[in-house]
Structures are given as C-alpha cells and as structure tokens.
Amino acid sequence: PPQPRIRQWDAMSAAVLYGLVILSAVAHATWNALMKQAADRMLTMAALRFTGLVIGLCALQFVDWPSPESWKWLALTAAVQFSYYVLLVRSYGAGDMSVVYPLARGLAPVLTTVAAALTIGETLNAGQTAAVALISLGIRVLALGAGAKREAVLLALATGVSVAAYSFFGGLGVRAAGTVLGFQACLEIVTGAGTVGY
C-alpha cells in the first residue's frame, strides 16, 4: 500500500536535512536583523508570524495531522515561544544585535543538551559535547566583548533560556506527533494566530 504523505516527506536524506538546517540558520539571522532594525518591533514580529501562519495553513493539505498525544507539547511549545517573542523584542530594545543574538543563540544549545541528558537520558559523546561547549563559549565571548549593558545581557540570556525550552518541548512534541512537518505546521498556525491576535 502507498505510504502516508508525511512518511515520504519525513524520510529525508542527511544531505537534505543539513541543507535545511543551514537555510534555516540564514533565514533566522535575517529575520533577527529585520527585528533589530524595525521601528516597531512588535508590529514586525506580528508580520513575520502572520507569514508563518499562512505557510502553516498552506502546508496542512500536504501533511498528516499530529497525533493527540502531541497536543499538550504543542500548547507548551507555543506558550514558551510567545515568551520568546516578547523577550526578543525587549532584548533588541536594550542592546545591539551583536550582543543579543550571539548570547541568546549560544546559550540555547548548552541548555538543551543538559536538559535532554537529565530528563530523557539522551546524551552526546565526548566529541559532540566538546563541540557544543566550544561553539557556545566562542559566540558568548564575542558578545560579552562588545561592552554590553547589564540589562541587554540579562534579557539576552533569558531569551536563550526560552529558545532552549521551546526547542526541547518541540522535540518532545515531534516525537509524540509522529510527524515532523505536521507538528511544525500546527505550531506555525498556533503561534501565528496568537501573535497576530495579540
């Protein structure tokens, strides 16, 4: 019998996945730059999330619906992402992108690695752990060397905690959902609708 559509989409090659990760990183840095330069950051955030909402709605016809077991993780991930949006807007109001972005993104991999090890027993080998530590330490040193204000540093670190939290909860949600793209489409819809409504 033919496989469900989502299984075909989820069974991506490693090369495609790495390419998508790199593309995601470029897109993420780009929209963060837009956020920093925006005159009205909340309005810009709403516009970005509205785009995600539209993409999520369009994607629903091509992906499977996530299983009910994942809905609690969907709600929790969305709630944490709302706090992330607020913290990010406040962070860019308090400090430069050269401080906020590296601190927020540099802290998240370390926290996510620790949380995965402590709660679900998922650990990295020594080389992987060293890589996470060195990359995170390197970008945090770059940021702290920029002479940032205390408020900007604290807000950026709080933003990093929120990034780690929504990444962790989202990962649990994807596992429970049985579909990567279905879960992500629903997350885009929920966070998009919530942000635009706010």
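The values are calculated or read from the model by the stated rules, or taken from the named source; none is laboratory data. Note that this is a predicted model, so its numbers are computed, not measured. Glycine gets a Cβ as well: all are built from the backbone with ideal geometry, and neighbour counts include every protein chain shown.
Checking each residue in segment 45-74 for being assigned to a helix (DSSP H, G or I), small (Gly, Ala, Ser) and more than 27 Å from residue 34 (Cα to Cα) picks out only 70. One residue stands out among those in segment 94-103 that are part of a helix (DSSP H, G or I) and of a type outside the set (S, T, N, Q): the one that is farthest from residue 141 (Cα to Cα), which is 94.
Within segment 30-63, the set of residues being farther than 23 Å from residue 83 by Cβ and surrounded by 19 or more Cβ atoms within 10 Å (Cβ to Cβ) comprises just one member, 63. If you go through segment 147-198 one residue at a time, how many are over 19 Å from residue 44 (Cα atoms) and among the hydroxyl-bearing types (Ser, Thr, Tyr)? Here the count works out to 4. The C-beta contact set for segment 138-162 (first residue within 11 Å of residue 100 (Cα to Cα) and charged (D, E, K, R), second residue modelled with pLDDT of 90 or more and assigned to a loop (DSSP other than H, G, I, E, B), distance under 9 angstrom, 6+ apart or interchain) is empty.
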